[in-house]
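To keep things clear, I will list the structure first and then write my remarks on it.
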Amino acid sequence: MENFIKLSAVMAQTSISRSHIYALIDKGEFPKQVTLSERSVAWVESEVQDWIDARIAARDGGTQS
């Protein structure tokens, strides 16, 4: 089962600012948000975690321990 997380949680998990998250989305380098309602969006938690894991793997030369 997938969980949604709000922008504040995404910022806390990634240590990236709101504006940088949206800039990465525009460049296709960060998971896109899911529209929940007319004025509410969230991210799929596993997609954000996969992005974090990929950053760690890239740092470590493509290998994960």
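Read-outs throughout are calculated quantities, based only on the coordinates presented, and are distinct from any laboratory measurement. These figures come from a predicted structure and were not determined experimentally.
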(message) Under the 0.36 nm per residue contour assumption, what length would be gained going from the current alpha-carbon distance of F4 and K27 to full extension?
(response) 6.1 nm
(request) Determine the calculated [θ] at 222 nm for the chain from helices alone, applying -39500 (n - 2.57) to every DSSP H run no shorter than 4 residues and normalising by the residue count; nearest 500 deg cm²/dmol. (result) -15000 deg cm²/dmol
(request) May I have the convex hull volume per residue, in Å³, for the Cα set of the range 4-59? (result) 77
